[in-house]
Amino acid sequence: MDESPLILVVGCDALTERVRAELTSTFGHEVRAVWPVSIDSEDALLAAGVKQAASILTLASDDGLNLAVALRARMLNPSIRVVMRQSDPLLGEMIEQNLANSSALSSAAHSAATYAGAALDPGCFFALHFPAADGQLLGFTQWKAESLGIAGLTVRAAEERLRLRILATGDRLDPPESAVVGKDDSVVAFGPIVRRASPRRPPPRAARSSANTWNLREVLGWPVAAWHHANPVMRLLMVCAIVFFSFSFIFFHFGLHKTWTAATFNVVETMTNVGFGETAVTRAPLLTFGAIVAMLGGIVFTSIFIGYVSSALTRAQWISLQGLRRIRARNHVVLCGGGMIGRAVIDLLTAAGNRVVVVEPQPHAGLIRRARERDVDLLTGSAHDDGALDLCDVPSASAVLALTDDDTTNLEIALAVRARSADVPLVVRVESAAFAEAAAAIFGVATFSPGALTAPALAGLSRFPGTRGRVRFAKDDHTIGQRPQGATPQKPPAEICTPLCVWRKGQTVQIRQFAEMEPYDELLFIVPLSQFRR
């Protein structure tokens, strides 16, 4: 018999397969799949060896089934460790508090931190709350040293400037404080997520050299742009009305020998009131004919104008009822998809003080309430076929997130955003790993899969309660672990590991050596997975 601990995996969807792949890629344990299972049956669990198992992961898409199977397994084996997939993070937290030796993880809440981190910092590739769900948002970010302005500095000086923990320069993991950061080095750093501008964004326009200096292009730029964006029918109507008014003005000015101002008044009165009561126009047939033409023309143009305004008001009312309106803002975040992940991301972004514009065809009641309270701007429409993106002022946004539950829809949104702005940072939810890799390489967008972000954490929790996720840099995968310290701080048992920070007296403190820990600190660290791979 194999003496390695037995891990049971319950479920049959894509997330379950990802977790099984994570578990089987490392050694030191045995993995068995259990499916199908039912709430009131224990035969499948007994057949899989639940009484001898060290842990069980219930990963079905049904939260109730996951909880029922976990409780049944605990009844059959009181010492088994339980790891559950729960969509409601609050329920998961209550389960952890009341069920010993258990962990519950929400895929939406877990992955939302990374989506929010990537929206604030385009270089962020993984983010998490530390020490708990209501803690500080921390993340791993990767930039060129030149973009960060730390080229030529020592690692210590660079960390002081960035207020981040530098984990790698190029392929060098955990460089010493005295190492010099090269100009072309790719720097991986860890610390609090802050809004960081993407180097792809064009620099702001230079300020005028003098307050009295006017740039004619700037002065005339907005009327020209407004003219080009106006409705073509309305533009033709305006041109025709101006030409007709000009001819009528010339007719009255020279035909009746009116002053310029009187001629202008008579034309306006004729076109709007169907005649101005002047009998002089009946003295000559040509004058009479000209007045008749002006009156009829006034009727035509006034009717067309009234019809156009009525149509515009009707459309504006319909758009208002649909929740669509033009958003005028700068440095806002546009979020397409207000599902479970979207709502979690909204909470993180608004908590960080960001203005969020949400595009969702079927908003949740809580999202509608937040829109009424002016906490977010809600557009009730589809981002890829209702023209809602045109109302969001995408070129002025700091980031756009496509977080619907359909990969194709998210890609359509990403391409629509790229058509409107070639440099705005894009964060896209893509479930398929191959699809995500291709989209990132071809279209230059940041793609993340909730399953890929969550699976390593679930797999790690089956054996190590403090597992927080996994990141890849410096040509290796690293597991993120969290470990509470007692009265005597101790280094994690892994042979190779790197400290990140500790939670001490209500704040995050970055450390470089485990010797810097103090009693009762909450430690966050990373462990290279190469030492555990098969």
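The values are calculated or read from the model by the stated rules, or taken from the named source; none is laboratory data. Since the structure is predicted, the reported quantities are computational estimates derived from the model, not experimental observations. When we count neighbours, we look across all protein chains shown, and the Cβ atoms used for this are built from the backbone with ideal geometry, even at glycine.
Taken residue by residue, the range 461-473 has at least one member that is more than 26 Å from the chain's Cα centre (by Cα) and either assigned to a strand (DSSP E or B) or among the aliphatic types (A, V, I, L, M) (or both). Of the candidates Thr314, Thr270, Thr261, the single residue that is touching a helix residue (DSSP H, G or I) at 6+ places or on another chain (Cβ under 9 Å) and either at pLDDT 70 or above or part of a helix (DSSP H, G or I) (or both) is Thr270. Residue count for the range 20-30, restricted to those that are under 18 Å from Ala44 (Cβ atoms) and in contact with a helix residue (DSSP H, G or I) (Cβ under 7 Å, 6 or more places away or on another chain): 0. For residues that are in contact with a Leu (Cβ under 9 Å, 6 or more places away or on another chain) and among the charged types (D, E, K, R), scanning just the range 161-197, find the one that is modelled with the lowest pLDDT. My answer is Arg196.
Within the option set Glu431, Glu412, being of a type in the set (Asp, Glu) and touching a helix residue (DSSP H, G or I) at 6+ places or on another chain (Cβ under 8 Å) holds for one residue only, Glu431. Scanning the range 425-437 for residues that are in contact (Cβ under 8 Å) with a residue 40 or more places away in the chain and closer than 15 Å to Val359 by Cβ yields a count of 2. Screening the range 1-113 for strands (runs of 3 or more DSSP E) wholly inside it with 1 or more residues that are under 34 Å from the mean Cα position of the chain (by Cα), touching a residue at least 12 places away in the same chain (Cβ under 8 Å) and within 30 Å of Ser530 (Cα to Cα) returns the ranges 6-10, 55-58, 81-85, 102-105.
When the residues of the range 287-297 are filtered to those that are modelled with pLDDT under 75 and surrounded by 14 or more Cβ atoms within 10 Å (Cβ to Cβ), the one that is farthest from Thr380 (Cα to Cα) is Leu287. Looking across Ala44, Ala54, one residue alone is outside the structural domain of Ala133 (by TED's automatic domain parsing) and at pLDDT below 95. It is Ala44. A residue that is exposed (fewer than 14 other Cβ atoms within 10 Å of the Cβ) and free of Cβ contacts under 8 Å to residues at least 12 places away in the same chain occurs somewhere in the range 134-145. Hey, among the residues in the range 114-152 that are among the polar types (S, T, N, Q) and under 16 Å from Val427 (Cβ atoms), which one's farthest from the chain's Cα centre (by Cα)? Checking each candidate, the answer is Gln142. Annotation note: Cβ proximity below 9 Å between a residue of the range 468-497 that is outside the structural domain of Ala168 (by TED's automatic domain parsing) and a residue that is hydroxyl-bearing (Ser, Thr, Tyr) and assigned to a loop (DSSP other than H, G, I, E, B) (sequence gap 6+ or interchain) occurs for Pro484/Tyr520; Gln485/Tyr520; Gly486/Tyr520; Ala487/Tyr520; Pro489/Tyr520.
Is the range 83-95 home to any residue that is of a type outside the set (A, V, I, L, M), in the same structural domain as Ile7 (by TED's automatic domain parsing), touching an Asp or Glu at 6+ places or on another chain (Cβ under 6 Å) and surrounded by 19 or more Cβ atoms within 10 Å (Cβ to Cβ)?
Looking for residues that are of a type outside the set (A, V, I, L, M), in the same structural domain as Ile7 (by TED's automatic domain parsing), touching an Asp or Glu at 6+ places or on another chain (Cβ under 6 Å) and surrounded by 19 or more Cβ atoms within 10 Å (Cβ to Cβ), one finds at least one in the range 83-95, hence yes.
For beta carbons closer than 7 Å, sequence separation of 6+ or different chains, a first residue in the range 438-459 that is assigned to a strand (DSSP E or B) and a second that is polar (S, T, N, Q), the qualifying pairs are Phe448/Ser111; Phe448/Thr114. None of Thr24, Thr58 is surrounded by 22 or more Cβ atoms within 10 Å (Cβ to Cβ) and among the hydroxyl-bearing types (Ser, Thr, Tyr) except Thr58.
Taking the criterion of being of a type in the set (D, E, K, R) and either assigned to a loop (DSSP other than H, G, I, E, B) or touching an Asp or Glu at 6+ places or on another chain (Cβ under 9 Å) (or both), the residues of the range 421-437 that qualify are Asp423, Arg429, Glu431.
Residues of the range 59-72 that are more than 18 Å from Cys12 (Cα to Cα) and of a type in the set (A, V, I, L, M): Leu71 alone.
Restricting attention to the range 171-196, and to residues there that are touching a residue at least 60 places away in the same chain (Cβ under 8 Å) and over 20 Å from Gln513 (Cβ atoms), which single residue is surrounded by the most Cβ atoms within 10 Å (Cβ to Cβ)? So, considering only residues that are touching a residue at least 60 places away in the same chain (Cβ under 8 Å) and over 20 Å from Gln513 (Cβ atoms), the one surrounded by the most Cβ atoms within 10 Å (Cβ to Cβ) is Ile193.
Selection of the range 386-409 for residues being in contact (Cβ under 8 Å) with a residue 40 or more places away in the chain, within 21 Å of Gly117 (Cα to Cα) and of a type in the set (D, E, K, R) yields only Asp405.
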